[in-house]
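Report on one structure; see the data block that follows.
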Amino acid sequence: MATIEAELKGLMVAGLDGDAAAHRALLDKLSRRLRAFYKTRLERIGRGATEAEDLVQEALLAIHIQRHTYDPTEPLTPWIYAIARYKLIDHLRTTSSQLTDAPIERAAELFAQDDHVGAESAYDLRRLLDQLPSKMRQAIQCVKIDGLSVIEAASQCGISESAVKVNVHRGLKRLAATIAREKQRHEDG
Amino acid sequence: MKTDELISMLSTNVERVERHQVMRTLGAAILIGGVAAFVAMLLVLGVRTDLPKTSAVTHLPLKLVFTTGTIVLTSIALIKLARPGGEYRTPVALVALPFVVIMLLAGLSLASAPSSHWDEMIIGDNWLVCLLSIPLIAIVPFAMIVWAVRRAAPTDLVRAGALAGLVAGGVSASAYALHCTDDSLPFVALWYGGTIALCTIAGAALGPRLLRW
């Protein structure tokens, strides 16, 4: 356990310094653990694998968006676990399930792995992006999907570099909020 | 969407993250909330007019030590508790320290005074103004602090809300102290302590609704 913590924390800290490869490795490793975490818990209440994958993606998105809240002087796994658990409770609440049905332990149980790499969620990225304001959609398309640098994206969109960065960040937050809203609507309707 | 696609997207052009963002956002919110509280006190109530007098000069700092002590201790706890998982590693008992101290002092002060003075010492002149002003002045600081705390992604919304209410109450009471002419320690313990506790309870009740992210 100690080595996993050290490995993940090393990747996280490098990612916070802007190391894209480390960030990718971190999210990849976390996705396997999150998949096992959510699958086990949802299976106990008779929910399917797609639903678990929805949660894996929501948690990954939250981890990415909230990474500024990680304090590198603290261990990483409790921080990850708190987000994973928070998303699970939130999910069970919106999908009107009894919280008591899914036992959620406090102890960090993030060490099981599920390597089903091609797993898919029910979310359609294209459709989610289409719901964003055009500036944010454009910024995410250029920087996060087409892989243009921020400088290139700025000149292509005719806005400043900091505006591109702000639009990417806000756009990802908006994306997460859209997912949460759709879930709520889906349940209500 | 495949999870791999999402990971690719999130790890393309990864920005460097500025450190201490949580602390700076929360600090700015408390500062702006403090200015708003001070301005509200200045416009609606006004600074106490007897300031050069000795009794005011000795008692005001004592009140401010209590209120700012609450702000400082609670902010330190909140910076940790407001983050994911913060509730598991943040000892919050320390935030009660100013309250314990002020109640002990109030008790000592009552014990050393004749009981015929107790009513006056506890009820004071303007308890109703105090009771209404501190929660009302706390509204803007509370809104600012909630905004900052939500950006830190708390996972225990009740506790984070309570501490946000406690800081806002402390900020508000600090501003109110500059107006208030009731200087007895039992008054401060009961009415300041009580209204700040009220803000804390309100924060705990509103936390789950306001702090969801």
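The values are calculated or read from the model by the stated rules, or taken from the named source; none is laboratory data. From a predicted model like this one, the values you see are computed outputs, not experimental measurements. All Cβ positions, even for glycine, are placed from backbone atoms using ideal geometry, and neighbour counts span all protein chains on display. Each accessible area value is taken on the protein alone, full model and side chains, heavy atoms only, with ligands, DNA and RNA left out. Shrake-Rupley method; radii C 1.70, N 1.55, O 1.52, S 1.80 Å.
Return the only residue of A:Ile80, A:Ile65 being of a type outside the set (S, T, N, Q), modelled with pLDDT of 95 or more, buried (at least 22 other Cβ atoms within 10 Å of the Cβ) and touching a Lys or Arg at 6+ places or on another chain (Cβ under 9 Å). Quick ask: steps written out before the conclusion?
Working: A:Ile65 fails: buried (at least 22 other Cβ atoms within 10 Å of the Cβ).
Result: A:Ile80 is the single residue among A:Ile80, A:Ile65 that is of a type outside the set (S, T, N, Q), modelled with pLDDT of 95 or more, buried (at least 22 other Cβ atoms within 10 Å of the Cβ) and touching a Lys or Arg at 6+ places or on another chain (Cβ under 9 Å).
Taking the conditions exactly as written (farther than 22 Å from B:Trp213 by Cα and over 25 Å from the mean Cα position of the chain (by Cα)), does B:Pro61 satisfy them or not?
No.
How about region B:178-201: which of its residues are among the polar types (S, T, N, Q) and open to solvent by less than 10 Å² (accessible area, probe 1.4 Å)?
Scanning region B:178-201 gives a single hit, B:Thr195.
So A:Ala36 ticks every box in (1) at pLDDT below 95; (2) assigned to a helix (DSSP H, G or I); (3) surrounded by fewer than 18 Cβ atoms within 10 Å (Cβ to Cβ) but one. Which box is left unticked?
(3)
Residue-wise test of (1) touching a Pro at 6+ places or on another chain (Cβ under 7 Å); (2) away from chain A (no Cβ under 14 Å); (3) touching a residue at least 24 places away in the same chain (Cβ under 8 Å).
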site: B:Val167; (1), (2), (3): no, yes, yes
site: B:Val171; (1), (2), (3): yes, yes, yes
site: B:Leu190; (1), (2), (3): no, yes, yes
site: B:Leu198; (1), (2), (3): yes, yes, yes
site: B:Trp213; (1), (2), (3): no, no, yes
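Which of the residues belonging to region A:47-73 are facing chain B (nearest Cβ under 7 Å), within 16 Å of B:Ala153 (Cα to Cα) and charged (D, E, K, R)?
Matches in region A:47-73: A:Arg67, A:Asp71.
Between residues in region B:151-165 that are within 14 Å of chain A (Cβ to nearest Cβ) and more than 25 Å from A:Arg174 (Cβ to Cβ) and residues that are in a helix (DSSP H, G or I) and open to solvent by 10 Å² or more (accessible area, probe 1.4 Å), which pairs lie under 8 Å by C-beta distance while being six or more apart or on different chains?
B:Asp156/B:Glu87; B:Val158/B:Ala204; B:Val158/B:Pro208; B:Arg159/B:Glu87; B:Arg159/B:Ala204
Right, B:Gly85: within 14 Å of chain A (Cβ to nearest Cβ) and touching a Pro at 6+ places or on another chain (Cβ under 7 Å) or not?
yes
If we scan region B:16-28, do we find a residue that is away from chain A (no Cβ under 14 Å), modelled with pLDDT of 95 or more and under 16 Å from the mean Cα position of the chain (by Cα)? Spell out how you get there, then give the answer.
Residues of region B:16-28 that are away from chain A (no Cβ under 14 Å), as a first pass: B:27-28.
The next check asks that each one be modelled with pLDDT of 95 or more; those that pass are B:27-28.
Cutting the leftovers down to under 16 Å from the mean Cα position of the chain (by Cα) gives us B:27-28.
The answer is yes, given that some residue of region B:16-28 is away from chain A (no Cβ under 14 Å), modelled with pLDDT of 95 or more and under 16 Å from the mean Cα position of the chain (by Cα).
Which residue pairs have Cβ atoms closer than 8 Å, lie 6 or more positions apart in sequence or on different chains, and pair a first residue in region A:20-46 that is closer than 20 Å to A:Lys9 by Cα and within 13 Å of another protein chain (Cβ to nearest Cβ) with a second residue that is open to solvent by less than 10 Å² (accessible area, probe 1.4 Å) and polar (S, T, N, Q)?
That search, which allows pairs on different chains as well, returns A:Ala20/B:Ser11; A:Ala21/B:Ser11; A:His23/B:Ser11; A:Arg24/B:Ser11; A:Leu27/B:Ser11; A:Ser31/B:Thr3; A:Arg35/B:Thr3.
Picking from B:Thr49, B:Thr58, which residue would you name as being among the polar types (S, T, N, Q), more than 14 Å from chain A (Cβ to nearest Cβ) and in a helix (DSSP H, G or I)?
Working: B:Thr49 fails: in a helix (DSSP H, G or I).
Exactly one residue qualifies, and that residue is B:Thr58.
Just checking, does region B:72-88 include any residue being closer than 20 Å to B:Phe142 by Cβ, in a loop (DSSP other than H, G, I, E, B) and at pLDDT 90 or above?
Yes: one or more hits.
What's the total number of residues in region A:114-150 that are over 20 Å from B:Ser8 (Cα atoms) and open to solvent by 60 Å² or more (accessible area, probe 1.4 Å)?
3
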